[in-house]
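Q: Okay, here's the structure, questions in a sec.
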Amino acid sequence: MKPDQYFGKSKGAFPKDGVIGTESDWMEAGVLSVPYGKLWVGDLYVMEEDEGCVVSVPKGQYRVEVKGMDFKGHRRTARVRACLVDVTERRLGKKCGQLGIDCGMLGLYDTTAFKRTIGKEHVKQYGQDVIKATMEEIVGCVEHIYAGKTFEFAFLPAGLGDGLFKVYVLESARRIVGLEVEILPPGFSISHKRI
């Protein structure tokens, strides 16, 4: 199932306290180019290096995947990961940081590509492009061109909205090949006191 199909079937408001979520399988949200090997994840609308978590990874194409969590029909994002497309076996490595989300949307991009592409003269257009992309799709990877330079970013909703989330490295054959964000841990139950 594709993420837009999965999340498109979400229904109802938050269920009552104590309802335990059921995790979905991993779903592909798209492929993201990481040309300089500096994979950043953080708040989509505060895309500054020190405001998120940066992981040094091999340069290349990264498959962005998402896991959902179903609370009796109401569905939210549980986990997000980005891993080199040619890696077939990977494992969750050590925690490498955490990130804060204030806008309810999580973003991924190559931080060096961002710095080299989005100059002061492109900030306003870039902001409009981010808003347009998130209004048109639930999740995805998009590409935009600024002064002849291509910049790609991925975006996904962040679980129940704002919060602090753990970031882990993904490893294969003792090398880092991506990252994974835990938004809602397995067995998570709704508690309106936490929301």
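Q: Picking from Leu156, Leu164, Leu160, which residue would you name as being in a loop (DSSP other than H, G, I, E, B), under 16 Å from the mean Cα position of the chain (by Cα) and of a type outside the set (Ser, Thr, Tyr)?
A: One residue alone meets the criteria, Leu160.
Q: Here is a further query. Considering only residues of segment 145-175 that are in contact (Cβ under 8 Å) with a residue 24 or more places away in the chain and more than 30 Å from Lys94 (Cβ to Cβ), which is surrounded by the most Cβ atoms within 10 Å (Cβ to Cβ)?
A: Across segment 145-175, the extreme among qualifying residues is Tyr146.
Q: If you go through segment 1-29, how many residues are among the small types (Gly, Ala, Ser) and closer than 16 Å to Leu179 by Cβ?
A: Qualifying residue count for the region: 1.
Q: Could you identify the single residue in Pro185, Pro157 that is closer than 19 Å to Glu23 by Cβ and modelled with pLDDT of 85 or more?
A: Just one listed residue meets the conditions, Pro185.
Q: Additional query: Can you tell me which of Val142, Val123 is at pLDDT 85 or above and not in a loop (DSSP other than H, G, I, E, B)?
A: Among Val142, Val123, only Val142 is at pLDDT 85 or above and not in a loop (DSSP other than H, G, I, E, B).
Q: Separate question: If I go through segment 40-52 residue by residue, how many of them are in contact with a Phe, Trp or Tyr (Cβ under 8 Å, 6 or more places away or on another chain), touching a residue at least 60 places away in the same chain (Cβ under 8 Å) and buried (at least 23 other Cβ atoms within 10 Å of the Cβ)?
A: The number of residues fulfilling the criteria is 2.
Q: Looking at segment 1-33, which of the residues that are in contact with a helix residue (DSSP H, G or I) (Cβ under 8 Å, 6 or more places away or on another chain) and hydrophobic (A, V, I, L, M, F, W, C) is surrounded by the fewest Cβ atoms within 10 Å (Cβ to Cβ)?
A: If we take residues in segment 1-33 being in contact with a helix residue (DSSP H, G or I) (Cβ under 8 Å, 6 or more places away or on another chain) and hydrophobic (A, V, I, L, M, F, W, C), then Met27 is surrounded by the fewest Cβ atoms within 10 Å (Cβ to Cβ).
Q: Exactly one condition in (1) more than 14 Å from the chain's Cα centre (by Cα); (2) buried (at least 18 other Cβ atoms within 10 Å of the Cβ) is not met by Val142; state its number.
A: If we test Val142 against (1) more than 14 Å from the chain's Cα centre (by Cα); (2) buried (at least 18 other Cβ atoms within 10 Å of the Cβ), just (1) comes out false.
Q: If you go through segment 60-106, how many residues are closer than 17 Å to Lys38 by Cα, among the polar types (S, T, N, Q) and touching a residue at least 60 places away in the same chain (Cβ under 8 Å)?
A: Number satisfying all stated conditions: 1.
The values are calculated or read from the model by the stated rules, or taken from the named source; none is laboratory data. The structure presented is a predicted model; accordingly, all values stated were derived computationally and were not measured. Quick reminder, even Gly has a Cβ in these numbers, built from the backbone with ideal geometry, and neighbours come from all protein chains shown.
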